[in-house]
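Scroll down for the structure; my scribbles are underneath it.
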């Protein structure tokens, strides 16, 4: 087998029930010269059996199981170390790619050897992967507040030139969530990054995902840890940014949580059916 053009890294833990969509999206890629490195981090569900039964003898898939649970970040690092291609991208096992995701990413890298990272934006999907809403990213031109990622200016589907990635300190295992924000900033600091303004990543919203309220708050905390580390790296002061961005964002999350709680209220649903609380349908 020829050296693949790109390595897709999939770190799995208890997401076997979603993996078929992830697998199918890779099989449907218009670009055929890729490898997928799938690493299971000692799942307690039937993930290993599901993954093995799907990939079978397809040599493009390389499947590994960690000897012990080491966590998402370390599993990703292991995937990077195992990857054969000069470019790698990350795909979570509960998500999927649009058919041209890999092709478009490789075209962007091929257009300019100075590009260290590409990203496409993503599409919010429900639990069954029905598309709901597109999220468009922003082309980062300089190290201003855009590259801090407050509004997802850089996001999935992100791919990295390994040679450039290796010039950074890599994935920070101390950062338990939002490790992607950390590495995005590091890449922006040392190389050109390229937006492909055509969302190619299907981001599934489900109860166990980062998008639920409690996990969103934890991700916000770790995003700020990444920002503090960036400020230390670049010797800049971000106290004002904290006041400007964190407090409004935290209030928004609290409001979102209250609205979602209202949506689940049986009493409000009953009042709506009785015609008493007509505003329920707008929540």
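Of note:
- Subtracting the Cα-Cα distance of residue 113 and residue 65 from 0.36 nm times their residue separation leaves 13.8 nm of extension gain.
- Protection proxy ranking, peptides 43-56, 90-103, 72-85, average beta carbon neighbours within 10 Å, highest first: 90-103, 72-85, 43-56
- With 0.36 nm allotted per residue and the present C-alpha distance subtracted, the residue 162-residue 133 stretch has 7.3 nm of extension available.
- If the chain linking residue 124 and residue 232 were pulled fully straight, counting 0.36 nm for each residue of separation and taking away their Cα-Cα distance, it would gain 35.6 nm.
- Protection proxy ranking for 145-157, 216-228, using the average of other Cβ atoms within 10 Å per residue and placing the highest first: 145-157, 216-228.
- Counting every other Cβ atom within 10 Å of each residue's Cβ, 106, 32, 143 order from fewest to most as 32, 143, 106.
- Rounded Å value of the spacing that divides the Cα centres of region 51-110 and region 168-242: 20
- Note on residue 20/residue 84: beta-carbon distance plugged into 1/(1 + (r/R0)^6) with R0 of 35 Å gives a FRET efficiency of 0.90.
- Pair-distance profile P(r), taking every C-alpha pair of region 6-236, with 5 angstrom steps and integer %: 1, 7, 14, 19, 22, 19, 12, 5, 1, 0, 0
- In percent, rounded to a whole number, the relative contact order of region 6-236 is 22, using alpha-carbon pairs under 8 Å and six or more apart.
The numbers here are math on the coordinates, done by the rules we state, and not lab data. None of the values given here were measured: they were computed from a predicted structure. Please note: Cβ atoms are built from the backbone with ideal geometry, for glycine as well, and neighbour counts cover all protein chains shown.
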